[in-house]
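So the structure is just underneath, and the comments pick up after that.
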Amino acid sequence: MTDRFRTLTIAAAQLCLAWNADAGTLDAPGPPTSGASAMYTSSDLYNRLTSGTAGTKRSGPFVEPATAPGPTGHTIDEIMAVLPQADNANGATAVNVIAGKTFWGLRTDGTWGLKTGTLPLQSLNPVSTSVPAGYYAASSLNAVDSDLVSANIKSGVTILGVSGKPEVVDTTEAAYPAVSNQILAGRKAFVNGAAVTGTITPGANLTGANGALTIPIPDGLYSAGKTAMATDANLTPGNIRSGVTIFGVTSNAPPTPLPKTGQTTCYDSAGTVIDCAGTGQDGAWQKGIAPPTPRFTDNNNGTVTDNATGLVWLKNANCFGAVNWATSLSSANGLTNGYCGLTDGSTAGQWRLPNLKELQSLADFTRMIPALPSNNPFINIQYDSIPNIASPYWSANSYAGSNDSAWYILWYNGNFGAHPKYAACYIWPVRGGQ
């Protein structure tokens, strides 16, 4: 054996002794002629640590290299530099890693080395607001709960980024909730969170029965533009007083003619009855309209209607006695239901003192004592056998020749004249008229 060989042998022995101290047994895993003698290199260890490379052992028997090997592999310091270092501050533990997943623990509190995570996999529960600890896969909240949509959220409210639908509003009404017969048929409304379908029918235009004062209006919902029309076959232009328009119908009737006086007999200057032909007297012409039949209607409530003029007279022609003109005005104007035999429901201010022409409209110039139509229903008419002296009736007209006097009429013969206003005359109240 040469000195060179001895030197190599000693060096090899020293190297083996060094590895024996740091790496375990010096026994080869197998004879050189066996592939089982192959071992990983330091480079395999380094690469495993830095990149996870699996490493590759030689296959087959050991073959002496044809030439001396160059500097290869990694030193222990290089390997140590890439080894995991302890991190007790940020190192993960099993509760930080998904259950079933492995990891290398870096903590020195008993959790160093290969470990398996215990952090449970969780999923959000659409029927619970509780969120337990665990790992949650990426998702969207409306995928977890399909009810998280705009149509289910009140207007003006945003829940988890979803804004409420404008049509969704609070329908709570405790005091006056609508019911079906208060909503138009075929329409729906939400009342206290529930849909209510209406049953009330749409209202239509109405036409009343001919001459009916009242038009029954059935239940219904009447929109703008619907009308209720009263009808009366007698509401024609010819039946309306001249110059008057009623409900849009304008009169075309001629002015009302004066009534007939009632005189049909003619007289000469001596008072003898003569033939009327050619006399020019009223009995010859008989102008005016004939009075209606009946002339008067007793209303059985203390009033009488003159069918010729439409005026309503107090049936009692002497309820107040004879008074001065000022008192006659106030007494007539203050007359009301319950006085003078009235049961007509009239109120103060509806009655008045008649004017002279209204009083004259009652006169019948074919009669005397009294000068009123026969079979009239009035009572207590005052007339005296001495004409122009007693029993005059006040009119509401002052006398133009002397303003301290007023016109009166006598029912003895229908004459009229003027009396001082302080004189005492009778009162015959009237109401109505144009």
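Tell me, which residue of region 178-206 that is in contact with a helix residue (DSSP H, G or I) (Cβ under 7 Å, 6 or more places away or on another chain) and in a strand (DSSP E or B) is nearest to residue 151 (Cα to Cα)? Spell out how you get there, then give the answer.
Taking region 178-206 first, the residues in contact with a helix residue (DSSP H, G or I) (Cβ under 7 Å, 6 or more places away or on another chain) are 196-200.
Subset that is in a strand (DSSP E or B): 196-197, 200.
Details: 196: 19, 197: 20, 200: 29 Å.
Here the residue is 196.
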task: Please give the number of the condition residue 112 fails out of (1) in contact (Cβ under 8 Å) with a residue 24 or more places away in the chain; (2) farther than 23 Å from residue 49 by Cα.
output: (2)
- prompt: Within region 240-288, can you find the residues that are surrounded by 14 or more Cβ atoms within 10 Å (Cβ to Cβ) and of a type in the set (D, E, K, R)?
  reply: 260, 282
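For (1) in a helix (DSSP H, G or I); (2) modelled with pLDDT of 75 or more; (3) surrounded by 10 or more Cβ atoms within 10 Å (Cβ to Cβ); (4) of a type in the set (Lys, Arg), each residue gets a yes or a no:
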position: 4; (1), (2), (3), (4): yes, no, no, yes
position: 8; (1), (2), (3), (4): yes, no, yes, no
position: 39; (1), (2), (3), (4): no, yes, yes, no
position: 46; (1), (2), (3), (4): yes, yes, yes, no
position: 49; (1), (2), (3), (4): yes, yes, yes, no
position: 61; (1), (2), (3), (4): no, yes, yes, no
position: 66; (1), (2), (3), (4): no, yes, no, no
position: 70; (1), (2), (3), (4): no, yes, no, no
position: 74; (1), (2), (3), (4): no, yes, yes, no
message: For region 170-213, which positions are surrounded by 14 or more Cβ atoms within 10 Å (Cβ to Cβ) and aromatic (Phe, Trp, Tyr)?
response: 190
- prompt: Which one of these is assigned to a loop (DSSP other than H, G, I, E, B) and in contact (Cβ under 8 Å) with a residue 12 or more places away in the chain: 233, 209, 277, 270?
  reply: 233
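Please find, within region 327-354, the residue that is nearest to residue 378 (Cα to Cα) out of those that are outside any loop (DSSP other than H, G, I, E, B) and of a type outside the set (Lys, Arg).
Here the answer is 332.
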field: strands (runs of 3 or more DSSP E) contained entirely in region 368-430, each with at least 2 residues that are among the aliphatic types (A, V, I, L, M) and either in contact (Cβ under 8 Å) with a residue 40 or more places away in the chain or more than 27 Å from residue 302 (Cα to Cα) (or both)
entry: 402-410
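The values are calculated or read from the model by the stated rules, or taken from the named source; none is laboratory data. Not measured: the values here are computed from a predicted model. Neighbour counts run over all protein chains shown; Cβ positions are idealised from the backbone, glycine included.
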